[in-house]
Each structure stands twice: as structure tokens, then as C-alpha cells.
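Q: Here's a structure for you.
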Ligand SMILES: [Zn+2]
């Protein structure tokens, strides 16, 4: 039996719709990337992690995915930020592209196949605007060019808004000082202003408006019609609505088949956004928490739902990751280099993979996928427990080997467990040592003293060993016995 058909909640239809690639076996996905005027915050990081996981899952399902995520490096906010620091706008944007890439690498986001920039797509942008003007969907006004929304009858089909209501709501304010025919007409090209970056065009020197860049970049790298378009919920209107209008008015073709939108990340009850000022920078979060724990936290809620951020939720996610990695370490130690022979298995390990696919095929239900992973880890712990109901060591061993392979597949599709368990656990301990102000050198001395006491193999030595263990516990440190001697970790609070 093959894996189930993938269904995606399409914002256009407001329903889950089967994903049908334009070309069998291939998928093109475009995700609106960051506007690079400052550091990426974890609200944006959540959106990018969601689509990163979508891409991973689609590849795991065998699709050849072409993943495009742009950089908005020409924008009002960038110009404003550059004016504030006296920096060149293009240089400031280039600097924050590098910072974004460093942060994305720390979060271990897959590099997209193409990461185009507005500043490198100007000829294509100008070409689309020329086409729109030639088709009568856009008009020049001074050195600006505007898209005329009334010329595109399907305008607002994505956001399901009403044009007349919006115009009534816009009021006269939006008309003042702007030579637009309708308040909702939006800029495709803006005439150059002193000190701003500009490029030559048939309408004089200027720069592109915000929305047109994505129409140009998606067409350039994925074609005029492609499979999936993603972004945060806040982009539905006006950004994606305008992308659709421009692209479809220019090409006469459907821009894309499925529109996916990710929910907000809330901080203390409000959407995290730079304009509200309540942001946690990704790099600051990654100082405190492991990258995979942050990913686990993001994936623990459906991508379309709101997710409430708190320090406690991050700490809980890391505790959960510790459980996973401790389990993997135990399993790996149990099976490494051993031959358990051939024969039957305990239960069907593939059932966890089937459940994972069932959940993920249903509009990328990340929490459901994590649920399948958790059930698999429960089975790991059952089979490695000294009181396991499976008494046959070879039967348990063979089953663990098969389950380990299933865990590897699921983890790969979710972007988890990319580190060696021992290395992850040590890094976790290092973070906790710092966070709790524990004297690691003293602990090492206690470990050595305890090993020496136990080596005596007499009652006095064992008593001393127990005393040291109790002393460590009082410091918040748990000493554990292993074949290689005493090891330690930070005790759970
Ligand atoms: Zn976009």
C-alpha cells in the first residue's frame, strides 16, 4: 500500500485540496522571504521552518522539489533604516542577507534552491510592468506606474474581501498627493527620490514597488504557473492578492495552484512583529535554546494555528528533545555492532511510518507527525526496559534495529535528530551548566573521587561513593553509573 495522497489547505478554496503536481513527480514552491532591514525574529523563523518542513516532507515523499525563497532587498523599510544609520541602502540589505543566512544555518533551515534578490531581478520586473501597461492593466502617472485593480475582475479572490468596502474604508486620505485612479491601485514602479537606490526604466529612474518583485521572481525561476506558494498569514492581503493580480493580468494564466499560509507567533498575547516592537530575535533565542528544540516547539502546533511563545515553552521543548536524544543514545548503545540474526519482529515497525504519513498527508499536520514519532519512542523505551515484555534479546534487538531505521526516516522528514545523541546531550549539559551557574570543574573532581572510591570495591568505598552522589544531587547534578565509569547530567527540576 502506498502512502496516502497529500492534501493541502488552499487559501483560495478555503478547503483541503489534493496536491496535484503540474509535472508528475515534480513540485515548484515559492515562499516570500525576509525583508532584510534588520535581524530575523522568531515569528518569521517559524514561518520559514514550516515551509522548510513542507519541502523536507515532499522530498521524503519522492518529489523533486524546486524551492525558491526570495530576499526583499529593495524596500521602504530598508531605505528608512539606511537613512537612520547613514549606510547605503543596498549595502545595508546585503549585510542583513548575510546575517539571515548565518541565522538560518544555525536553525539548520535547508538552503533554498534559489534565493533571488530584487536588486538582481530589475530587468524582469520592468518587463512585467511593460506588459501590464501594454495590456491596459497598469498606467503611468508622473514617474510612477500603478496597477489598476478594477481592470482585474478577480481581484480579492484570495482574501475574499470586497472591493467597494475596501475603497469606502480607504477614504480620501489615500488619494491625497497621489495620482491614482482608485485608492486601492498600488505602485508597480516608484519614481526615484534623492538618496534612494534607483534603476533606469521606460518611465524614468526609479525602483519597483513591493509586490511586483515576487511576481517577477516566481515567474523567472518557476514559470508563469507553479504548484505551491507560501508565506505568513499577514501576506494574504495586500501582498499575495496583488501578486495574483499582477501575474495573472500579465500572463493570462493561473499564478499558482495552492496557496499556503502560516499562522502567527504570539508573544504575551500579541502577534510578534517588528512594527509592534515585541520581537525576539532568532539569534537571541538560539543563545538560550537548542536549534532542534526550537524547531520542535514550532512543529508542536499546526502551521496554520497561532502559537504562543514563552521561555517556558522553549524550555519544555528542550526537555522533550533531551528525552528523545537519551532514548536514541540508549537504543544506539544497545544495537551498535551487534548481530541479532534474522527472524520475526515484535509488532510491525512500519506502522509508525504509516501513521506519520497519514498525519503529514493531511495538510502537513506537524503535531500529528510528532505524535507518531512519540509513539515510536514509547516503543523504543518499552523494548529497552529491563522489565520489557519482550524477553528474547534477539527479537528485541532486531525490532530495535528496524524501528531505528523508521525513526531515521521520520526525523529526516521533520529536520530533527541531525546530531549524534552523545554530542547533543553534552551540548545540552553545557547550556544548563551556564544557565544554572554550576561549577563544572568541581563536578569533574567529584566524578573522579567517586570512581576512585568505587574502585576500592569495599563497604567504605561504596559508602563514600553514595555520599558523593548525595552531595552532587544537592548541587542539582545527577551522577550515573556506566560501563566507562561515572557520568553526569543536570538533574531535572
Ligand atoms: Zn512575496
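The values are calculated or read from the model by the stated rules, or taken from the named source; none is laboratory data. Everything numeric in this text was worked out from a predicted model, so none of it was measured. Virtual Cβ from ideal backbone geometry, glycine too; neighbours counted across all protein chains shown.
Q: Go through (1) farther than 30 Å from residue 13 by Cβ; (2) modelled with pLDDT under 85; (3) surrounded by 15 or more Cβ atoms within 10 Å (Cβ to Cβ) and name the single condition residue 176 misses.
A: With respect to (1) farther than 30 Å from residue 13 by Cβ; (2) modelled with pLDDT under 85; (3) surrounded by 15 or more Cβ atoms within 10 Å (Cβ to Cβ), residue 176 is out only on (3).
Q: Separate question: Return the residues of segment 230-240 that are within 8 Å of the ligand (Cβ to nearest atom) and either under 17 Å from residue 112 (Cα atoms) or outside the structural domain of residue 127 (by TED's automatic domain parsing) (or both); say none if nothing qualifies.
A: 231
Q: Additional query: Taking helices (runs of 4 or more DSSP H) that fall entirely within segment 365-449, which contain at least 1 residues that are in the same structural domain as residue 326 (by TED's automatic domain parsing) and under 15 Å from residue 350 (Cα atoms)?
A: Of the helices (runs of 4 or more DSSP H) lying wholly inside segment 365-449, those with at least 1 residues that are in the same structural domain as residue 326 (by TED's automatic domain parsing) and under 15 Å from residue 350 (Cα atoms) span 366-384, 393-414.
Q: What about residue 470, is it assigned to a helix (DSSP H, G or I), touching a helix residue (DSSP H, G or I) at 6+ places or on another chain (Cβ under 7 Å) and farther than 25 Å from residue 354 by Cα?
A: In short, no.
Q: Separate question: Considering each of 203, 210 in turn, give the residue that is within 12 Å of the ligand (Cβ to nearest atom) and part of a loop (DSSP other than H, G, I, E, B).
A: 210
The rows are residues; the columns are (1) buried (at least 16 other Cβ atoms within 10 Å of the Cβ); (2) away from the ligand (no atom under 16 Å from the Cβ); (3) modelled with pLDDT under 95.
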residue	(1), (2), (3)
245	yes, no, no
251	yes, yes, no
258	yes, no, no
266	yes, yes, yes
275	no, yes, yes
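Q: Can you run down the residue pairs with Cβ atoms below 6 Å, 6 or more apart or on separate chains, where the first is in segment 52-69 and outside the structural domain of residue 229 (by TED's automatic domain parsing) and the partner is outside any strand (DSSP E or B)?
A: none
Q: So, in segment 132-149, how many residues would count as being touching a helix residue (DSSP H, G or I) at 6+ places or on another chain (Cβ under 6 Å) and either assigned to a helix (DSSP H, G or I) or on the phi > 0 side of the Ramachandran plot (or both)?
A: Residues that pass the stated criteria total 1.
Q: Hey, another quick one. Can you tell me which of (1) within 27 Å of the chain's Cα centre (by Cα); (2) away from the ligand (no atom under 16 Å from the Cβ) is the one residue 219 doesn't meet?
A: (2)
Q: Just the residues that are within 16 Å of the ligand (Cβ to nearest atom) and part of a strand (DSSP E or B), please, taken from segment 35-69.
A: Across segment 35-69, the qualifying residues are 35, 67, 68, 69.
Q: Out of (1) within 16 Å of the ligand (Cβ to nearest atom); (2) closer than 30 Å to residue 293 by Cβ; (3) out of contact with any helix residue (DSSP H, G or I) (no Cβ under 7 Å at 6 or more places or on another chain), what's the single condition that is false for residue 72?
A: Every condition holds for residue 72 apart from (3).
Q: Tell me, yes or no, whether segment 182-192 has at least one residue that is within 12 Å of the ligand (Cβ to nearest atom) and not in a strand (DSSP E or B).
A: no
Q: Okay, moving on. Being touching a residue at least 60 places away in the same chain (Cβ under 8 Å) and in a helix (DSSP H, G or I) is the filter here, so list the residues in segment 252-287 that pass it.
A: 282, 283, 285, 286 - these are the residues of segment 252-287 that are touching a residue at least 60 places away in the same chain (Cβ under 8 Å) and in a helix (DSSP H, G or I).
Q: Out of all the residues in segment 119-131, which are farther than 18 Å from residue 247 by Cα and in contact with a helix residue (DSSP H, G or I) (Cβ under 7 Å, 6 or more places away or on another chain)?
A: Answer for segment 119-131, where residues must be farther than 18 Å from residue 247 by Cα and in contact with a helix residue (DSSP H, G or I) (Cβ under 7 Å, 6 or more places away or on another chain): just 119.
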